[in-house]
Amino acid sequence: MSETAASRNLLEQAEADRGGDGWVSWSFAVTELDPLAVLETLDPSGHRGYFENPSRSRSHAAGAPAAVWRGRGERRFIEADRWVRDLNARLTCVGSPPRLITAFPFYPGSPDSGQDAFVFLPSWQVVTEEGRTTVTLAEPAGPGCAERLAVRAETFLKFTYRPRPVPVRPAAPTVLSEVGGRWFPSAVGRATELIREGAFEKIVLTRAFDWRRAEPFDVYATLHRLRRANAPCHTFLIDEQDGAMVGATPETLLSLFDGEVRTESVAGTTRRGDSAAEDARLAEALLSSDKDRREHDAVTQSILRRLGMVGVLAATRRDAELLRLGNLMHLRTPIVGRMPADRRFLEVAGELHPTPAVGGKPRAMALPFIPGFEPHDRGLYTGAVGWISADGRSGKLFVALRCARLRGDEARAYAGAGIVAGSDPVAEAAETEMKLRTVLDALT
């Protein structure tokens, strides 16, 4: 029996086993594909997900949700995990199980305000890792789902890219419209006063800048530029209610595979030098900076403490190192531990989010001050985006940084800085403007 005939028999058996309830998925290997080019060619409506780490040859694109959970509130991670458990119990897989795309905004939201978190089962997804591509399709388990999956598979088995004309790329503006005007320097000053008074140890303040132009922004061309220019980072796309969030983040919130928990502390920033000697001098200054080391250590210790609170075993930090990016470098500390058998991926992610790298320390004391300072809604910026396995026991979530929300001819770009004792308003403003360049230089 041929492989195609065998798969068809398995799909028909899966359809019969489900009896019209739940979903059926099918994973199969194809000739190597570029997931971003697939996403651009198909250009699906509704929620899309795209994640790529060019330096590790890993890329993942997905679209057209077959099932979606939405929710908000302090228990959103737990409620999302409950939905994942239910979905997995009603899912029959032919081949490897699908990944679920997920996004959690910075703020939990309430019944009356805020933005929904969401998790969705894509009706199609393409994953390429180290030159090997797997396509996973999903269908509601109604009559004929096996036939529909088989027909849809032909698109990917014989995939044809369809490039679109890309508009002439305008130069990035020298002046952007900042949401709220010139609020940031005085806010930094007030935040340092609150730190001296003991209100909190650290708070992260973020800025939002609007860019409007005559032509629509091109999501796919922007992503392509981001991945070419930021190979060590995780390029991503997640659709929000109010536009498409695109970016290239240097920070992983949580990675879990084969029981190994990985996360990292990324805090403390300086620019790159224009020569090798200047770059080395700036690196030495960052490693020895009292202000940056205090900010970095606060994030690291908080992450270790929260991992301990959810029972992660033997969580240990490595020595701080330099994370060198295109125009910036950061202090980075990898953290590794073992996942206990009775804990779930989203449970740990919910304990970690938001880390002091994007919120503050202590969390409960710092976070209530942020809305009073910031004149904009963060949405998914500084939230958690990524994917989890269908059984909810592995996956990867990233902190949504170095990003912009695109909606037609409007782009809103974000950048932030951690404020601690000794922070200087001028220096913090300059840091946010350096961070903005990552996404502004890529917008197409």
Check your understanding: Filtering the range 164-190 down to residues that are surrounded by 10 or more Cβ atoms within 10 Å (Cβ to Cβ) and among the hydrophobic types (A, V, I, L, M, F, W, C), which residue is modelled with the lowest pLDDT?
Key -> ALA172
Point to revise | Yes/no for ARG293 being over 23 Å from ASN53 (Cβ atoms), at pLDDT 90 or above and surrounded by fewer than 18 Cβ atoms within 10 Å (Cβ to Cβ) | key: no
Check your understanding: Within the range 190-207, is even one residue assigned by TED's automatic domain parsing to the domain that holds ASN53 and basic (Lys, Arg)?
Key -> no
Exercise for review: Among the candidates PHE217, PHE209, single out the residue that is at pLDDT below 95 and of a type in the set (Phe, Trp, Tyr).
Suggested key: PHE217
Exercise for review: Considering only the range 409-421, state which residues are of a type outside the set (Phe, Trp, Tyr) and in a strand (DSSP E or B).
Suggested key: GLU410, ALA411, ARG412, ALA413, ALA415, GLY416, ALA417, GLY418, ILE419
**Study point:** Identity of the residue in the range 146-163, assigned to a helix (DSSP H, G or I) and among the β-branched types (Val, Ile, Thr), that ends up surrounded by the fewest Cβ atoms within 10 Å (Cβ to Cβ)
**Key:** VAL151
Review point. GLY372 fails exactly one of the following numbered conditions: (1) of a type in the set (Gly, Ala, Ser); (2) assigned to a loop (DSSP other than H, G, I, E, B); (3) free of Cβ contacts under 8 Å to residues at least 40 places away in the same chain; (4) under 28 Å from ASP210 (Cβ atoms). What is the number of that condition?
Key: (2)
Point to revise | From the options LEU401, LEU397, LEU443, LEU406, residue that is in a loop (DSSP other than H, G, I, E, B) and under 17 Å from the mean Cα position of the chain (by Cα) | key: LEU401
Review point. Do the conditions hold for GLY379, that is, is it in contact with a Pro (Cβ under 6 Å, 6 or more places away or on another chain) and surrounded by 18 or more Cβ atoms within 10 Å (Cβ to Cβ)?
Key: yes
Practice item. For the range 1-96, please list each of the helices (runs of 4 or more DSSP H) lying entirely inside it that holds at least 2 residues being under 27 Å from the mean Cα position of the chain (by Cα) and either surrounded by 13 or more Cβ atoms within 10 Å (Cβ to Cβ) or aliphatic (A, V, I, L, M) (or both). Key: 35-42, 76-89
Revision key, fill the gap. Checked against (1) in contact (Cβ under 8 Å) with a residue 60 or more places away in the chain; (2) surrounded by 17 or more Cβ atoms within 10 Å (Cβ to Cβ), ASN327 satisfies every condition except (2)
Review point. Only one of ALA16, ALA37 is at negative phi, in contact (Cβ under 8 Å) with a residue 60 or more places away in the chain and of a type in the set (A, V, I, L, M); which?
Key: ALA37
Review point. List, please: which pairs have Cβ atoms under 6 Å, are six or more places apart or on different chains, and start with a residue in the range 110-128 that is more than 18 Å from ASN88 (Cβ to Cβ) and end with one that is polar (S, T, N, Q)?
Key: VAL127/THR134; THR128/SER59
Point to revise | ARG412 under 19 Å from the mean Cα position of the chain (by Cα), within 21 Å of HIS224 (Cα to Cα) and surrounded by fewer than 18 Cβ atoms within 10 Å (Cβ to Cβ) | key: no
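The values are calculated or read from the model by the stated rules, or taken from the named source; none is laboratory data. These numbers come from a predicted model, not from an experiment. Heads up, the Cβs are rebuilt from the backbone with ideal geometry, glycines too, and the neighbour counts pull from every protein chain shown.
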